[in-house]
Amino acid sequence: MRATTEGATPSVKATHCTATTCPYCGVGCGVTLEWEDSESGPRIVSLAGDTRHPANYGRLCVKGSALAETLSPQGRLTHPQVRDAAGVLREVSWDTALDLIATRFSALRETHGAECIAAYLSGQLLTEDYYLANKLFKGFVGTPHLDTNSRLCMASAVVAHKRAFGADAVPCSYEDLESAELVVLVGSNLAWNHPVLFQRLKQARIDNPLLRIVVIDPRVTDSCEIADLYLGVRPGSDARLFNGLLAYMAERGRMDRLYLEAHTQGFDAALKAAKVDDCSLAAIARDCDVDVERLETFYYWFTTQLHVVTLFSQGINQSTSGTDKGNAIINCHLAGGKLGLPGAGPFSITGQPNAMGGREVGGLANQLAAHMDYDTPGARTLVSEFWQAPNLPEGPGHKAVEMFAALGRGEIQALWVMATNPAVSLPDSEAVRSALARCPLVIVSDCVSDSDTLAYADVILPASSWSEKDGTVTNSERRISRQRGLLVPPGEARHDWWQLAEVGKRMGYEQAFSYAGPHAIFREHARLSGYRNATPRAKAGKRMSDELPCVKRLFNISPLAELGCQGYDDLIPIQWPVYRNAQGDLVGTRRLFEDATFNTPNGRARLVPVTPQQPHQQLSDAAPLRLNTGRIRDQWHTMTRTARSARLMNHRAEPYIELHARDAQARKLEDGMLARLLSRDARGAIRGDYRARVHISSGQRAGEVFIPMHWNDHFASHGRAGALLAGLTDPFSGQPESKHGAVEVIALESEWQATLLLAPELLGSRSAFAAAIEALDGCYWARIPQDTLVRYQLAGGGQPDWQRWCDEQLGISADLWGEDTTHKELRAAGLVEGRLKWWLRVALSSSREFRQPNVAWLGECFATDQLAPRERRSLLAGRPSGQADAGAMICACHQVGEATIRNAIQAGDTTVESLGARLACGTRCGSCLPELKRIVEEERSHERTDTSLEMA
Ligand code: SF4
């Protein structure tokens with residue numbers, strides 16, 4: 001059954017529910033879609049958390065609950081396009097586009113060899129898409145150069161797992177957070193990046209008052225809301241911290257000797273490496289820049305509790321020594337026997353919805369398929385035989401950063417990018433853009449038209465999107481869930497797996513790429529996972545010839561290969577490895593290594609010697625600040641989906657630079673001012689120039705800066721975090737050092753700032769907007785789409801003739817015009833037949849923050865056919881008379897702003913609960929609760945300060 005979101009309201013025949021999975025983060029929450037079956041096709045009418053899904057039990061964060069707002073067909077790619085000889089993209093038929101790709105691939109392989117062809121994939125793809133891409137490129141095209149944006153996310157954890165356990169296996173389940181005595185969050189702002197998991201942890205703490213939570217992070221984040229102990233470590237000192245913990249455990253006899261002796265190897269070497277540095281608490285505290293008593297408390301808690309979960313994420317992985325940091329954590333768990341038990345284990349949380357699925361099928365350049373690598377003895381023969389693949393490469397290909405370097409050198413002549421935006425997300429993004437521009441054949445499969453990478457495409461393939469496509473994803477706890485398709489893809493958009501299969505067939509591999517649908521692909525993937533798998537469960541009941549190679553691997557879902565179409569459609573979430581119990585039922589595996597048997601040749605886990613390293617991006621006089629990058633609460637990746645929801649745009653409407661007050665003061669920067677972050681290359685030339693609004697934060701360490709990773713050329717003039725970073729990577733995992741840039745911050749000089757609100761049809765095209773900004777001598781802009789208007793924040797030099805600019809660029813002269821000499825402001829508005837078409841406020845003085853209008857109220861004015869005289873009179877003021885501005889959006893669900901919240905607190909609502917009762921903020925998805933709590937605490941501390949001043 002297919003559904004549509006378009007068309008006139010049909011006569012309703014029936015209402016149905018379909019369970020699917022959220023397409024954003026690695027928590028992998030279940031979502032229930034309610035849809036109507038109507039004459040003109042089914043349509044989604046509501047969306048909620050799936051109460052039966054074991055990842056979230058009905059919860060959704062603000063991003064998940066806004067999913068229905070992102071499903072508009074507007075801004076979708078709808079037709080294949082090919083760039084012609086004149087460089088113009090033209091719509092073509094699918095046959096033309098696919099034939100062109102197959103022909104060019106075959107010709108390039110013939111002329112230059114298969115290694116001149118590459119693919120760059122994404123953790124947003126479904127497992128079936130991923131599987132087929134891997135099979136096509138590695139098995140049949142014959143190139144090893146297939147990698148994924150998951151390289152930027154968790155590649156270091158993958159290698160750390162393999163080194164320690166012999167397999168990329170996450171031991172824990174989410175329920176372990178609920179049965180732990182101690183949960184350590186390290187390099188993870190769970191509250192913003194995995195909000196539903198944070199809510200589960202928060203609830204666990206309420207249910208079990210003995211549960212302790214430690215947060216280890218250079219920044220005080222919203223995750224600290226539930227912390228019993230916070231360690232604000234120096235960036236990059238994690239390996240030193242956990243090496244110190246290993247030494248502390250050994251010195252105090254707090255290891256599990258029996259476990260170490262019976263089930264592990266390498267303890268002595270790991271301890272020796274840890275002890276190369278001074279392991280006194282004072283020395284470790286100094287090196288990590290933390291208070292010695294807090295450090296000892298953490299060590300004491302870790303060593304005295306058995307049920308400890310250490311949850312780690314990009315703060316550990318995105319480093320030139322991320323793999324070692326992961327192993328330093330795992331070493332401590334192995335030394336204490338703290339894994340394979342309820343509430344115990346090192347727990348890597350993935351960023352993307354299907355990063356884990358990509359790892360299962362071999363989406364990384366060093367992998368083959370089904371959890372086998374090139375260097376796994378017998379694996380290449382096994383995969384080649386299973387696929388009947390003629391061209392499987394001999395060894396691994398380029399990892400993401402290396403791949404784009406090879407592209408820049410001209411070694412790669414054709415690149416297929418699927419469901420990702422490397423022109424924004426990779427480090428050294430200017431070099432990445434040059435490499436893309438140089439490549440003779442760039443193919444981009446995507447569903448949206450505002451990906452920066454599309455500018456470099458020679459072939460564009462429109463892809464189906466979430467709620468249109470069918471398949472599976474695997475979340476951070478190894479749980480495979482179905483994403484189910486309902487809606488009809490717009491125009492001629494087609495599924496990714498279909499695009500890949502068609503190219504495979506057109507290259508002459510008809511038999512290998514003839515699939516009836518994702519179900520058939522999934523079955524093949526499941527079968528491969530059990531094929532000649534030497535683990536006892538996989539071998540059970542199967543006859544295997546001794547002459548043919550067997551490879552022992554934990555990843556085994558072969559019982560799912562027996563699922564028919566209906567069984568696949570009905571598949572309920574299940575954790576791998578999957579087996580059948582004595583009754584023949586399908587059973588998943590909640591926790592790994594409960595029998596303390598690992599996937600290494602001798603079955604023992606390995607402790608790995610770790611030598612702590614400093615970040616490789618060097619601080620200098622020209623770049624004295626350590627740059628940290630990361631996600632924010634309401635945005636996802638490069639905003640191509642979340643920016644479609646107006647309410648998600650309002651939490652942090654513009655890119656920003658989070659800075660300690662001391663650093664701001666030293667540079668004469670104030671909260672709300674515009675500033676530039678500059679990074680430099682080895683020759684001292686400017687590598688990146690990031691422009692954003694200063695946000696002074698007491699949670700930021702002095703000497704360090706945080707910026708969000710999401711903004712791109714569609715939403716800001718200079719908002720790409722990747723442009724600031726050098727492409728330095730971990731030697732084992734190839735993961736870039738995105739948490740440790742080196743920058744300087746300076747004020748952005750401008751002579752005016754403006755807020756411009758436009759009806760969406762004005763300046764609709766990118767080129768029209770670029771021309772208008774150029775005419776202004778602008779040095780900064782940010783675009784903030786709203787439901788009824790598009791808001792721009794602008795800054796620039798000179799003294800533009802605004803009246804003329806409005807006439808020429810907006811095409812509608814001002815009906816209302818006023819100059820406020822007190823505030824040195826100019827205000828204007830243009831109307832057509834009583835309807836507001838544009839609204840402008842310009843501050844004519846400096847780059848300091850200036851007063852924002854009430855955008856919510858103005859949005860209503862834009863939606864009103866005939867403005868009443870009273871509203872017209874208030875237009876230039878930017879707010880209805882007597883009404884204050886709501887301030888920055890805190891509660892996206894109920895659209896409650898910071899100023900409204902602070903006013904309510906000052907009026908007596910001094911708890912989060914009473915604020916919820918009055919304003920409804922924080923009462924739906926709960927994502928804003930940590931911020932609400934922080935604002936309450938800030939207001940209370942102001943109140944205490946005021947009172948004590950009065951008393952003094
Ligand atoms: S936590 Fe939020 S973004 Fe992540 S899967 Fe759940 S609903 Fe989606």
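The values are calculated or read from the model by the stated rules, or taken from the named source; none is laboratory data. Just so it is clear, the model here is predicted, and its values are computed rather than measured. When we count neighbours, we look across all protein chains shown, and the Cβ atoms used for this are built from the backbone with ideal geometry, even at glycine. To get the accessible areas, we keep the full protein, side chains included, count just its heavy atoms, and leave off ligands, DNA and RNA. Shrake-Rupley method; radii C 1.70, N 1.55, O 1.52, S 1.80 Å.
Some notes on this structure:
- Residues of the range 177-196 satisfying the condition of being away from the ligand (no atom under 16 Å from the Cβ), in contact with a Gly (Cβ under 9 Å, 6 or more places away or on another chain) and under 13 Å from residue 349 (Cα atoms): 186, 187
- Residue 6 open to solvent by 60 Å² or more (accessible area, probe 1.4 Å), within 16 Å of the ligand (Cβ to nearest atom) and modelled with pLDDT under 95: no
- Flag if residue 477 is at pLDDT 95 or above and surrounded by fewer than 20 Cβ atoms within 10 Å (Cβ to Cβ): no
- For the range 329-369, filtering for residues that are over 15 Å from residue 146 (Cα atoms) and among the hydrophobic types (A, V, I, L, M, F, W, C) leaves 11.
- Per-region count, the range 209-222, residues open to solvent by less than 50 Å² (accessible area, probe 1.4 Å), of a type outside the set (Val, Ile, Thr) and modelled with pLDDT of 95 or more: 4
- Taken over the range 253-262, the criterion of being surrounded by fewer than 20 Cβ atoms within 10 Å (Cβ to Cβ) and in a helix (DSSP H, G or I) is satisfied by 257, 258, 259, 261, 262.
- Flag for residue 124 being touching a His at 6+ places or on another chain (Cβ under 9 Å), at pLDDT below 95 and either small (Gly, Ala, Ser) or part of a loop (DSSP other than H, G, I, E, B) (or both): yes
- Residue check, residue 73 in contact with a Pro (Cβ under 6 Å, 6 or more places away or on another chain) and within 16 Å of the ligand (Cβ to nearest atom): no
- Residue selected from the range 849-875 under the condition touching a Gly at 6+ places or on another chain (Cβ under 7 Å) and buried (at least 16 other Cβ atoms within 10 Å of the Cβ), by the criterion modelled with the highest pLDDT: 858
- Residues of the range 14-67 that turn out to be open to solvent by 20 Å² or more (accessible area, probe 1.4 Å), more than 13 Å from the ligand (Cβ to nearest atom) and of a type in the set (A, V, I, L, M), as a count: 4
- Cβ pairs under 7 Å, 6+ apart, first in the range 748-777 and surrounded by 14 or more Cβ atoms within 10 Å (Cβ to Cβ), second of a type in the set (A, V, I, L, M) and in a loop (DSSP other than H, G, I, E, B): 752/844; 757/789; 758/789; 759/789; 760/789; 769/763; 772/763
- Checklist (1) over 21 Å from residue 615 (Cα atoms); (2) touching a Phe, Trp or Tyr at 6+ places or on another chain (Cβ under 8 Å); (3) open to solvent by 10 Å² or more (accessible area, probe 1.4 Å); (4) of a type outside the set (Val, Ile, Thr) applied to residue 658, failing item: (1)
- Exactly one residue out of 508, 491, 410, 485 is in a loop (DSSP other than H, G, I, E, B) and surrounded by 21 or more Cβ atoms within 10 Å (Cβ to Cβ): that is 485.
- Residues that are within 18 Å of residue 233 (Cβ to Cβ) and either aliphatic (A, V, I, L, M) or at pLDDT 95 or above (or both) within the range 630-662 comprise 658, 660, listed in sequence order.
- Breaking point among (1) at pLDDT 80 or above; (2) under 28 Å from residue 648 (Cβ atoms); (3) part of a loop (DSSP other than H, G, I, E, B); (4) open to solvent by 30 Å² or more (accessible area, probe 1.4 Å), for residue 880: (4)
- Within the range 857-877, the only residue that satisfies the criterion of being in a helix (DSSP H, G or I), out of contact with any strand residue (DSSP E or B) (no Cβ under 8 Å at 6 or more places or on another chain) and hydrophobic (A, V, I, L, M, F, W, C) is 857.
- Some residue of the range 586-605 being among the hydroxyl-bearing types (Ser, Thr, Tyr), in contact with a strand residue (DSSP E or B) (Cβ under 6 Å, 6 or more places away or on another chain) and closer than 30 Å to residue 193 by Cα: yes
- For residue 725: the one exception among (1) modelled with pLDDT of 95 or more; (2) of a type in the set (A, V, I, L, M); (3) touching a Lys or Arg at 6+ places or on another chain (Cβ under 6 Å): (3)
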